[in-house]
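J.: Before I ask anything, here is the structure I am working with.
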Amino acid sequence: MEIIFFTTNKNKVKELKDMAAAESKNIRIEHLEYDYPELQLEEIEAVAKESAKYINEKIAIKKPFFIEDSGLFIHALNGFPGPFSAYVFNKIGNEGILKLMADKKGEERKVTFKTVVAFCESVKTAPHLFVGSTEGKIAGEVRGEGGFGYDPIFEFEGAGKTFAEMSSEEKNAVSHRGRAFRKLLNYIS
Ligand code: IMP
């Protein structure tokens, strides 16, 4: 079965193609580069759902497809940047987040990374949502060369490594995106 992934983020495509190849023999991901407008809503579930509906209406694609939206939720900052993670990353980047967290210690550095995958089986079906999350801490400094985005400052709980210090396989096994996408793979199979 072929499913289409609408995104402009090539890092996400690589992660999910690797995962599908490793964990599901019958599902193949086709990437379609399409920059749909992302609504700035308070819940990433709503963002993902509305984005999938938009694509369904605008493109009326004949194959099953999905999109995904992710957000970084820092507990001590009341869930900031959450649904605004892309905007905040573009404006202040990892160094800006580290500055905001400069006086936060130990448990105060706790953070949740969350992904919502919205899957449409056909143009007639409403999006089906799959949520995955993972817990960690904002690292004291940028660490690691791998990954993308917030990976160098997201220290996975218990591992002592940031996502940028993990291999793609290690990250996929425990990441927000890996967990959400695995639910989609199970649903399809
Ligand atoms: P979006 O899902 O593309 O809107 O992502 C929101 C922001 O979080 C963007 O700045 C992404 O680069 C970043 N982001 C999304 N997923 C990840 C990830 O797995 N690791 C690190 N940063 C991510």
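J.: Could you list, in sequence order, all residues of the range 128-144 that are over 14 Å from Phe113 (Cβ atoms) and either surrounded by fewer than 21 Cβ atoms within 10 Å (Cβ to Cβ) or of a type in the set (A, V, I, L, M) (or both)?
T.: His128, Leu129, Gly140, Glu141, Val142, Arg143, Gly144
Condition check ((1) open to solvent by less than 50 Å² (accessible area, probe 1.4 Å); (2) closer than 18 Å to Lys12 by Cβ; (3) assigned to a helix (DSSP H, G or I)) across all residues:
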{"position": "Gly146", "(1), (2), (3)": "yes, yes, no"}
{"position": "Gly149", "(1), (2), (3)": "yes, yes, no"}
{"position": "Pro152", "(1), (2), (3)": "yes, yes, yes"}
{"position": "Gly160", "(1), (2), (3)": "yes, no, no"}
{"position": "Ala164", "(1), (2), (3)": "yes, yes, yes"}
{"position": "Glu169", "(1), (2), (3)": "no, yes, yes"}
{"position": "Ala173", "(1), (2), (3)": "no, yes, yes"}
{"position": "Arg177", "(1), (2), (3)": "yes, yes, yes"}
{"position": "Ala180", "(1), (2), (3)": "yes, yes, yes"}
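J.: Among the residues of the range 130-144, which ones are outside any loop (DSSP other than H, G, I, E, B) and small (Gly, Ala, Ser)?
T.: Gly132, Ser133, Gly136, listed by residue number.
J.: Residue check: is Ile67 at pLDDT 90 or above and either over 16 Å from the mean Cα position of the chain (by Cα) or open to solvent by less than 30 Å² (accessible area, probe 1.4 Å) (or both)?
T.: yes
J.: If you check Phe113 against the conditions, is it over 19 Å from Ile3 (Cα atoms), in contact (Cβ under 8 Å) with a residue 60 or more places away in the chain, open to solvent by less than 10 Å² (accessible area, probe 1.4 Å) and in contact with a Ser or Thr (Cβ under 9 Å, 6 or more places away or on another chain)?
T.: No; evaluated as a whole, the condition is false for this residue.
J.: Can you tell me which residues in the range 1-55 are buried (at least 16 other Cβ atoms within 10 Å of the Cβ), within 16 Å of the ligand (Cβ to nearest atom) and polar (S, T, N, Q)?
T.: Those that are buried (at least 16 other Cβ atoms within 10 Å of the Cβ), within 16 Å of the ligand (Cβ to nearest atom) and polar (S, T, N, Q): Thr7, Asn9, Ser51.
J.: Specify the residue that is most open to solvent (accessible area, probe 1.4 Å); the eligible residues are those in the range 85-102 that are of a type outside the set (A, V, I, L, M) and touching a Gly at 6+ places or on another chain (Cβ under 8 Å).
T.: Looking at the filtered set, the residue picked out is Phe89.
J.: Quickly run through the range 65-90 and pick out the residues that are in contact with a helix residue (DSSP H, G or I) (Cβ under 6 Å, 6 or more places away or on another chain) and away from the ligand (no atom under 15 Å from the Cβ).
T.: Of everything in the range 65-90, just one residue is in contact with a helix residue (DSSP H, G or I) (Cβ under 6 Å, 6 or more places away or on another chain) and away from the ligand (no atom under 15 Å from the Cβ), namely Ala76.
J.: Would you point out which residue out of Lys58, Lys124, Lys105, Lys62 is open to solvent by 80 Å² or more (accessible area, probe 1.4 Å), away from the ligand (no atom under 15 Å from the Cβ) and touching a Phe, Trp or Tyr at 6+ places or on another chain (Cβ under 9 Å)?
T.: Residue meeting the stated conditions: Lys58.
The values are calculated or read from the model by the stated rules, or taken from the named source; none is laboratory data. Because the structure is predicted, anything quoted here is derived from the model rather than measured. Backbone-built Cβ (ideal geometry, glycine too); neighbour counts: all protein chains shown. Keep in mind that these areas ignore ligands, DNA and RNA; they rest on the heavy atoms of the full protein, side chains included. Shrake-Rupley method; radii C 1.70, N 1.55, O 1.52, S 1.80 Å.
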